[in-house]
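Taking it in order: structure first as structure tokens, then the write-up.
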Amino acid sequence: MSPIPNLTLNNGIKFPAIGHGSWSGTTPDKQAESLEWLKSALKAGYRHIDTAQDYQTEKYVGIAIRESGIPREEIFVTTKLPWNHHTRVAKSFQDSLEFLGIDYIDLYLMHWPQAVLYDENNSQPTNPDGSLITTDHSFNDTWADIEKLLDTGKVRAIGVSNLSIKNLERLLKTAKVVPAVNQVELHPYLAQNDLLQFCQEKGIILTAYAATGYSYVRDDPLMVQLGKKYDVSPTQVTLAWHLARGTTAVPKSTNFERQKQNLTLPELNEEDIKRISGLDKNQRLCNKADELGKVWGWTYEQLGW
Ligand SMILES: NC(=O)c1ccc[n+]([C@@H]2O[C@H](COP(=O)([O-])OP(=O)(O)OC[C@H]3O[C@@H](n4cnc5c(N)ncnc54)[C@H](OP(=O)(O)O)[C@@H]3O)[C@@H](O)[C@H]2O)c1
């Protein structure tokens, strides 16, 4: 087993390559449950927590950090701008600081490229056909507003999420700051080889969500076989594969033992890394098109997927 490495962002800041996710369902009760497993994640050794204003768990992340007794500066906190806040970046960022109850954020991500109409009473305004109402507000303008946050001294690094090569190219045409991170769905069934290469060339670190590949990847015969070979669970093999490719990951587990497992990763040999990469089917398991052919209001074409 090798220790979880720290990777260095393009502005020199270091962060732990494995973080813990914080999505905890859509109801207030489910979201409140996150407090216990966030506290246990910190106890298990996580020093990087990934949340988002949309998850409505920022409050619990903040409480877990304070109750852990771990100094704030030892924990790397990522949160994200909601899709319906593209036109109100400064206010939304301030709200996140307040929900978290901390005075700076380590990494602030634009959660999605598409801007959804802002309605203070409804975070998911929909068209008559049920699709999210998106606006023509450009994510280039949103990014310019996110860049301005660096001047406040309250955020250490900025990045994006769910950006394809197509949309990164568009962003980079006007960006003054190259995103430090692009957080995307990434696992052996969706290896994102081209995006990984593009991001590596631009100095952008890819972070995997749905990093375990759920039961699809966990039950894949190759992963089961490699789990036995390395005497670990298939998910530990999957997470080790992420690290071997130079990507980071934010797995989430509600269970202390599995939280610890996900921080205890084997070192895979080259041949096994290649065999796992060979499982790629370009298959999305988390955010995929709905019956209207859209993902949260945008088509695959708009998303560049
Ligand atoms: N940027 C974005 O748009 C975006 C989208 C989705 C997610 N995210 C972030 O990514 C985080 C993780 O995403 P996710 O929950 O969809 O994917 P995930 O971490 O790949 O999957 C979580 C599931 O895997 C199980 N699991 C975790 N470790 C395991 C292990 N060692 N053995 C067996 N099962 C294991 C968990 O079950 P147990 O709890 O029972 O262990 C849970 O059901 C989220 O919490 C969020 O922070 C970001």
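See the values below:
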{"item": "Residue in the range 262-269 that is more than 22 Å from residue 23 (Cα to Cα) and either within 9 Å of the ligand (Cβ to nearest atom) or among the charged types (D, E, K, R) (or both) present", "result": "yes"}
{"item": "Residue match in the range 87-98 (condition: touching a strand residue (DSSP E or B) at 6+ places or on another chain (Cβ under 6 Å), of a type outside the set (A, V, I, L, M) and under 20 Å from residue 300 (Cα atoms))", "result": "no"}
{"item": "Residues of the range 167-193 classified as more than 11 Å from the ligand (Cβ to nearest atom) and in a loop (DSSP other than H, G, I, E, B), total", "result": "10"}
{"item": "Enumeration of residues in the range 21-59 that are within 14 Å of the chain's Cα centre (by Cα), outside any loop (DSSP other than H, G, I, E, B), under 15 Å from residue 123 (Cβ atoms) and not acidic (Asp, Glu)", "result": "53, 55"}
{"item": "Selected residue (criterion: nearest to the ligand (Cβ to nearest atom)) from residues of the range 201-235 that are of a type in the set (A, V, I, L, M, F, W, C) and part of a helix (DSSP H, G or I)", "result": "217"}
{"item": "Of all residues in the range 239-261 being in contact with a helix residue (DSSP H, G or I) (Cβ under 6 Å, 6 or more places away or on another chain), of a type outside the set (A, V, I, L, M) and within 10 Å of the ligand (Cβ to nearest atom), the one that is nearest to residue 34 (Cα to Cα)", "result": "254"}
{"item": "Contacts under 7 angstrom Cβ, first residue in the range 242-261 being among the β-branched types (Val, Ile, Thr), partner within 8 Å of the ligand (Cβ to nearest atom) and part of a helix (DSSP H, G or I), 6 or more apart", "result": "254/37"}
{"item": "Contacts under 7 angstrom Cβ, first residue in the range 21-44 being without any contact (Cβ under 8 Å) to a residue 12 or more places away in the chain, partner within 12 Å of the ligand (Cβ to nearest atom), 6 or more apart", "result": "25/31; 30/24"}
{"item": "Residue under evaluation residue 239, criteria (1) surrounded by fewer than 19 Cβ atoms within 10 Å (Cβ to Cβ); (2) at pLDDT 95 or above, criterion not met", "result": "(1)"}
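Here's the yes/no breakdown for (1) closer than 14 Å to residue 302 by Cα; (2) without any contact (Cβ under 8 Å) to a residue 24 or more places away in the chain:
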| residue | (1), (2) |
| --- | --- |
| 110 | no, no |
| 119 | no, no |
| 123 | no, no |
| 127 | no, yes |
| 133 | no, no |
| 142 | no, no |
| 163 | yes, no |
| 167 | yes, no |
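Quick grid of which residues meet (1) at pLDDT 95 or above; (2) more than 20 Å from the chain's Cα centre (by Cα):
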| residue | (1), (2) |
| --- | --- |
| 67 | yes, yes |
| 70 | yes, yes |
| 75 | yes, no |
| 82 | yes, no |
| 88 | yes, yes |
| 120 | no, yes |
| 125 | no, yes |
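The values are calculated or read from the model by the stated rules, or taken from the named source; none is laboratory data. From a predicted model like this one, the values you see are computed outputs, not experimental measurements. As a convention, Cβ positions derive from the backbone with ideal geometry for all residues, glycine included, and neighbour counts pool all protein chains shown.
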